[in-house]
Amino acid sequence: MEAPIRAREILGFTLLFLLFFVCSSSPSHNLLISDAERRIDLTSHIVKVYLTLKVENADSTPTSEILLAFPPNHVDHLATVEALVTKGKRKKTTLARLDVKPTELPDAPNGTKYFTIYLANPLNSGESTTLEVLYLFTHSLEPFPAEIGQSESQLVYYRDSALILSPYHIKQQTTFIKTPSTKVESFTRVEPTNRAGTEMKYGPYEERPPYSFSPILIHFENNSPFPVVEELVREVEISHWGNLQVTEQYTLVHGGARHKGVFSRVDYQSRPSLNGASSLRYLLARLPPRVHSVYYRDEIGNISSSHLRTDSRKSELEIEPRYPLFGGWKATFVIGYGLPLQDFLFESSDDRRYLNFTFGCPLLDTVVDKLTVKVVLPEGSKDPSAVVPFPVEQHLETKYSYLDVVGRTVVVIEKKNLVPVHNSPFQVYYTFKPIFMLAEPLMLASAFFLFFVACVAYLHTDLSIRK
Amino acid sequence: MAAPETSTAAVPTLYTNNTLRNAFGGVLSFFILLLIGVLAFSIRLFSVIKYESVIHEFDPYFNYRVTQFLTKKGIYDFWNWFDDRTWYPLGRVIGGTVYPGLTLTAGTIWWLLNSLNIPLSVETVCVFTAPIFSAFASWATYLLTKEVKGAGAGLTAAALLAMVPSYISRSVAGSYDNEAVAIFALIFTFSLYIKTLNTGSLFYATLNSIAYFYMVCSWGGYTFIINLIPMHVLLCIVTGRYSSRLYIAYAPLVVLGTLLAALVPVVGFNAVMTSEHFASFLVFIIIHVVAFVYYIKGILSPKMFKVAVTLVVSVGLAVCCAVIAVLIALVASSPTKGWSGRSLSLLDPTYASKYIPIIASVSEHQPPTWPSYFMDINVLAFLVPAGIIACFLPLTDASSFVVLYIATSVYFSGVMVRLMLVLAPAACITSGIALSDAFDVLTRSIKFQLPGVSSDAEVDEGETNSDTTEARNDEVKAEKPEEKSKDRPSKKSKKKEREHVEKPSAKAKVKTKAEKKRLLALPLEASVVSLLLLIVLGAFYVVHCVWAAAEAYSAPSIVLTSRTRDGLHVFDDFREAYAWLRHNTDVDDKVASWWDYGYQTTAMANRTVIVDNNTWNNTHIATVGTAMSSPEKAAWEIFHSLDVKYVLVVFGGLIGYPSDDINKFLWMVRIGGGVFPHIKEPDYLRDGQYRIDSQATPTMLNCLMYKLSYYRFVETDGKAYDRVRRTEIGKKYFKLTHFEEVFTTHHWMVRIYKLKAPKNRIRGKTMKSKSKTSSTSSSKRSGTKRNPWL
């Protein structure tokens, strides 16, 4: 354990896991990992971890469950876990997605949290399989120093373990960590450790028992802005007259090192590469194709700095906040657009209709702390149900829009801690009779009719007392 | 257009023909009025189309904020609203100091729409309130002019008012200011007054009081009504036009109107206490005396009457003298003779510039220039004299009112450019009368000269007349109907029996009129040419109005645009700064700026300000002015004593935005110096000239405003060339010791500085610096008035 002095100091008060802690009650199955390779990508503020596990069943009974372990403080920042299994031999390998679910184990050491991967085919005794696991962390880069001036660059800490935390014995493992630039202030050494260019290599480590842990700390420069949407409310309003109106309300914050002291426009404008390198100048939103009537505004009016590029497959909206966002600065804004209904609304086989729309935030490379999707169904629609590919909270609301009498059913879907991976389609099913479309025009027509009748009646009555 | 011709061709009985024509005229007038309303609304939408749906300028932001509060918290909280986000640390009682008409109107519209489940935002309602009410105002103009000179003149006047540039300037979409509804209220009150005067109906008199109440709610300009109507009543009495109708028109208005006016918190007892209202009470007494005299005259024989007169006059004189003496004593006891500063500056145009620089500093309180008359009322300026002449042919109670209205409003518009707005309706009414009469005379002349038509029966007169007009001026739509409805009193079809009775007399009238008209006929060529000229004049007016609406008056002033070779360039710096303040400062931070930006800061940035556009406390404004014109250290002390955290200055030197703080700076010096005499205007002027280049005085180059505006400006181009003043600045390199730049917008238009925290008090150091500063400051301040906040 040869760590640089600085890192070692910090290690003193970082999380303390027992090294070489051997769990007394090993999981129900005696699996072992013959080869593990982990690649951690630190280039943006979303930490991506690609894990390749070669799992062997050393037990006598077949099993279909494989456990992944995470330290408890990492789990809070875990946005998504995906697992794929490679099938086939050699060149004809295909990847199949596997179910991953959080699991509670009764006697987890030091509050370790688990995710279970459910294999499609049980792993027989003596067999082995290769799993590709991807998981993403948000808010895992801690700026240090926490406050920087305009001309300073943003340095961050990343904490992890040199050894993969696992309830299984790992025969051989290697960890690669990729940093955005070659500028690394310090990093913990757990021999063998190599650093070449932007990549660091920990390992290979051989024959580590379950729950091995070796904390490491990397202090490096990450000048990319950290766009974090603290709250995003997306409202999707279905109009059966042919339009889908989307309104998105953002509360954006720069989650990087806090800005301190002076903001000088003259420095910012004359030397943009040195000054405010980590500031958030613009954002890119990827919208569906055939988008129309796009607007971008906030509570005090239109924001004129935006560009829309459309082609047949996608639309890109480049937006600039009113002012460049430095660390800790906030901005709120609204993006709204209309879409042709036929691209998103379909009829299912059981005579119901369903909306097929993208979940998640259209801004690229952005973390969303809390997302609320509201699907406003047309007035008179019944039996709404939403199908979302990941666990969410749901409830129903009623909204009154133009001339509504009974109100529109709103399906509200809420989810916390989202990353761009969550931009997958979801469906909302409902039944709707087209006759309801005529309700409001008829109402208006009859109101005008009654008004004119009243006028005619008034003109034909004589209310004067004197004759 | 085909309908009237077929009806005349059929020639049924005279009776049905007339009724049909009446009905048709009524429907046509209705649709023309509707179109005028649409015109008035849509000509004001240029700002939304060219820019965006946003609140404009300064005061509208305050009104918008009040409306937001009203819709969120309800009416009772609104009356009791004490606003602690402005005039820190004094605060302001909004409920009692604001004219609530506009906000209540918009709040009601919003509430109505939302209860119908039309979810428009408060902002949208506020933006479109002004255009809606200008449509109402043009309809009110129609009602007023119709009472004076008939429906034709009414329609012309309404069309003119719908697009008069002066009114457009204050009522484009987004210009959410009191005037937006007040002009409608003003015209409507006048039209109800005339209506009462013409009918003598108590119903209309009551309506008139209610309309007056709405006007009092909406705008301080209600004093114009309560002085103009008594003047007119007095005029009528003096010229021997007293009638019971006049009494009914006036007496209920004073009693009910004053009672209602006193209900508005901002007016309250002012409705009976200030001199602005005395004229109405005096005339109230006079009209009662006159009414009494007429009554006595009616019941006594002439001889007895003479006796009574001598008796009453001798007693009455004594009583009058006593009352007047008491009144004069009361009035004289108040320093401003019971007049408010704004009213006094109206009566004495030099008053404000002499005593109240804060009123004089507002550009809209300056007297207008001649070009601004042409810009704002255009060809109406030439038509008004003709209209006045037309009002004297013949002079009625109603037309004398119009003459009085135009005369007084011309005077007021000459004092303050802002009151051009009061002139505009009067100009439209008189011009409408003039145009309509001119068309009337000209088309009639043509009709009588045309071969084959003159032999026709008189009954057809009107119809043929209008047909020829239609043939002549197909393009000028608005003018079409007036000839048609001109000669007939416009009646509701439901009162058919009345028409029956009136018809013979009407017919006789038409006959005599026609004979008279025959004598007045002009030569054919002259009439045709002048008709065409009038149409050209009208077309010119329309073109000018559309131009003014589109180009001159639609800019929202919070977002600027400039058209260069590489396309449209948008300067959105104000909102950039306000949004920054809103999201990146603490919610209770205080922001100091010149008062112009107070309303916008509270509304858009939601931060507490020291002073704002409601300039009710001169000392407070003078304190800020003093701070801006003081050297850095003194300014820091003043601001720190006011608990200010950020200072906001507007600077146009980089992009050439002329109405920035450096150009307003002399007013800060004047207003500050008015209260704190150690600020002296000559210190900032070199040989009487205001300059910021190397010739500028050291006081100028060291004052806070200069430093905050030009801090590090030299680094932009190396020369520090100010594009507004067109010169290089005097002092280019300097450092700030007590302020730090925290935000500057993209085009440098708004710069925000933060006050540095006071230094830690290290014992030895403070002692030293304290003794130093106290000696200098005491020598400087000795004998001068001290800043109350220190």
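If we count other beta carbons within 10 Å of each Cβ, what is the order of B:Arg686, B:Arg170, fewest first?
In increasing order of surrounding Cβ atoms, one gets B:Arg686, B:Arg170.
With a cut-off of 14 Å, note down the residues of region B:655-672 whose backbone N falls inside the zone around a label point 7 Å from the Cα of A:Gln269 toward its beta carbon.
Within reach of a label on A:Gln269, which here means backbone N under 14 Å from a point 7 Å along Cα→Cβ, region B:655-672 contributes B:655-657.
Using the Karplus curve 6.51 cos²θ - 1.76 cosθ + 1.60 with θ = phi - 60°, what ³J(HN,Hα) values do you get for each residue of region B:414-429, in whole Hz, with x for Gly and Pro?
Once rounded to whole Hz, the list reads x, 7, 9, 5, 5, 7, 3, 5, 6, 5, 3, x, 4, 5, 5, 5.
Between A:His292 and A:Phe176, with labels modelled 7 Å along Cα→Cβ, what's the label distance in nm to one decimal, could you check?
Output for this residue pair reads 4.8 nm.
Do any GluC sites (Glu not before Pro) in region A:344-402 lie in a DSSP loop with no more than 13 other beta carbon atoms within 10 Å, and if so, which?
For GluC sites (Glu not before Pro) across region A:344-402 that sit outside H, G, I, E and B with at most 13 neighbouring Cβ atoms in 10 Å, the list is empty.
With just the Cα atoms defining each centre, how far is region A:368-410 from region A:234-282? Give it in Å.
Here the two parts' Cα centres lie 28 Å apart.
Are there any trypsin sites (Lys or Arg not before Pro) in region A:238-336 that are in a DSSP loop and have at most 10 other Cβ atoms within 10 Å? List them by number.
A:Arg313
What does the C-alpha gyration tensor say about the overall shape of chain A? Classify as rounded when a/c is under 1.5, otherwise prolate if a/b is larger than b/c, or oblate. Mind showing how you got there, number by number?
On the way: a/c = 2.92, a/b = 1.66, b/c = 1.76.
In terms of gyration-tensor shape, oblate.
With contacts defined as alpha carbon pairs under 8 Å and 6 or more residues apart, what's the relative contact order of region B:596-700 in percent?
With pairs under 8 Å counted, the relative contact order is 21 percent.
Please report, in debye to the nearest 20, how large the charge dipole of chain A is about its Cα centre when each Lys and Arg carries +1 at its beta carbon and each Asp and Glu carries -1 there.
With only Lys, Arg, Asp and Glu charged at Cβ, the dipole is about 840 debye.
What are the ³J(HN,Hα) values, in whole Hz, obtained from phi via the Karplus relation 6.51 cos²θ - 1.76 cosθ + 1.60 with θ = phi - 60°, for each residue of region A:272-279 in sequence order, with x given for Gly and Pro?
x, 6, 8, 9, x, 5, 8, 6
Can you give the Kirkwood hydrodynamic radius for the protein assembly as shown, in Å, rounded to one decimal and based on Cα pairs?
Computed over Cα pairs of the protein assembly as shown, the Kirkwood hydrodynamic radius comes out at 37.1 Å.
Report the charge-dipole magnitude of the protein assembly as shown in Debye, nearest 20, computed about the Cα centre from +1 at each Lys and Arg Cβ and -1 at each Asp and Glu Cβ.
Result for the protein assembly as shown is approximately 3260 debye, rounded to the nearest 20.
A:Leu438 versus B:His288, label points 7 Å from Cα toward the beta carbon: distance in nm?
6.7
Using +1 on the beta carbon of Lys and Arg, -1 on that of Asp and Glu, and nothing else charged, what's the dipole of region B:50-174 about the Cα centre, debye to 20? Don't skip to the end; give the middle numbers.
On the way: 9 positive and 8 negative charges, 36 e Å.
The calculation lands at about 180 debye.
What is chain A's relative contact order, in percent, from Cα pairs under 8 angstrom and six or more apart in sequence? The partial results should precede the final answer.
Values: 1122 pairs, mean separation 64.9, N = 467.
The value is 14 percent.
Between B:Thr19 and B:Ser641, what length in nm is gained on full extension when 0.36 nm per residue of separation is reduced by their alpha carbon distance?
So the chain would gain 216.1 nm between B:Thr19 and B:Ser641.
Given a Förster distance of 45 Å, report the FRET efficiency between A:Ser312 and B:Glu740 from their Cβ-Cβ distance, rounded to the nearest 0.05. Before the final figure, lay out the partial values.
Working: r = 51 Å, r/R0 = 1.13.
So the FRET efficiency works out to roughly 0.30.
If you fit an axis through the alpha-carbon atoms of helix A:439-460 and take the longest principal axis of the Cα set of chain A, what angle between them do you get, 0 to 90°, nearest 10?
So the helix axis and the longest Cα principal axis differ by about 20 degrees.
Taking the alpha-carbon set of region B:614-709, what are its Rg and Dmax in Å?
12.9, 37
Along region A:221-229, what does the Karplus equation 6.51 cos²θ - 1.76 cosθ + 1.60 (θ = phi - 60°) give for ³J(HN,Hα), rounded to whole Hz, x for Gly and Pro?
Calculated HN-Hα couplings, in order: 8, 9, 8, 6, x, 10, x, 10, 8 Hz.
Can you compute the FRET efficiency between B:Lys73 and A:Glu414 using 1/(1 + (r/R0)^6), with r the Cβ-Cβ distance and R0 = 51 Å? Round to the nearest 0.05.
Details: r = 29 Å, r/R0 = 0.57.
Working from the Cβ atoms, E equals 0.95.
Give me the one-decimal nm value for the distance between modelled label points at A:Trp241 and A:Ala454, 7 Å along each residue's Cα-to-Cβ direction.
Taking the two extended label points, one gets 2.4 nm.
Go ahead and collect, in residue order, the members of region A:291-320 whose backbone nitrogen is under 13 Å from a label point 7 Å along the Cα-Cβ direction of B:Leu568.
Under cut-off, by backbone N: A:302-306.
What are the residues whose amide H is under 5 Å from the amide H of B:Arg712, where those residues sit 5 or more places off or on another chain and H is modelled from the backbone?
Residues meeting the amide H criterion: B:Phe734.
All of the numbers you see were taken from the coordinates with simple rules; none came from a lab. These numbers were taken from a predicted model, which means no experiment stands behind them. FYI the Cβ positions are ideal-geometry reconstructions off the backbone, even for glycines, and counts take in every protein chain you see.
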